[in-house]
Amino acid sequence: MILQKRIMEKNWIKIYSSTDPVEVEILKHVLLENNIHAVNINQQDSSYLMFGTINLYIKSDNQKKALQLMEKQQNGRNA
């Protein structure tokens with residue numbers, strides 16, 4: 001909870017949310033490969049993984065580039 005508060009204080013925004021940890025890690029890796037620092041916060045219940053989400057945060061000044069990369073990643077998976 002402390003980490004989440006610190007993130008929000010420094011112009012970080014939630015760019016993605018999912019219940020699939022693999023999906024979030026893949027997207028995080030894509031962003032990191034493109035020099036966009038990303039942090040994921042897992043808010044899933046440790047006993048019942050169907051409850052809660054994993055949120056991916058980036059600095060707000062990287063939002064446009066991140067959204068373009070996410071769209072490209074999504075289109076690549078649907079091709």
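The table for this structure:
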read-out: Hits in the stretch 35-59 - residues which are loosely packed, with under 13 Cβ neighbours inside 10 Å and modelled with pLDDT of 90 or more; value: Asn35, His37
read-out: In the stretch 37-79, the residues that are touching a helix residue (DSSP H, G or I) at 6+ places or on another chain (Cβ under 6 Å) and within 17 Å of Thr19 (Cβ to Cβ); value: Asn40, Ile41, Ile54, Leu56, Tyr57
read-out: Subset of the stretch 27-65 (residues that are without any contact (Cβ under 8 Å) to a residue 12 or more places away in the chain and within 23 Å of Arg77 (Cβ to Cβ)); value: His29, Leu32, Glu33, Asn35, Lys64
read-out: Which listed residue is at pLDDT 80 or above, part of a helix (DSSP H, G or I) and either of a type in the set (A, V, I, L, M) or surrounded by 13 or more Cβ atoms within 10 Å (Cβ to Cβ) (or both), from Glu25, Glu71; value: Glu25
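The values are calculated or read from the model by the stated rules, or taken from the named source; none is laboratory data. Fair warning: this is a prediction, and the values are worked out from it, not measured in the lab. Backbone-built Cβ (ideal geometry, glycine too); neighbour counts: all protein chains shown.
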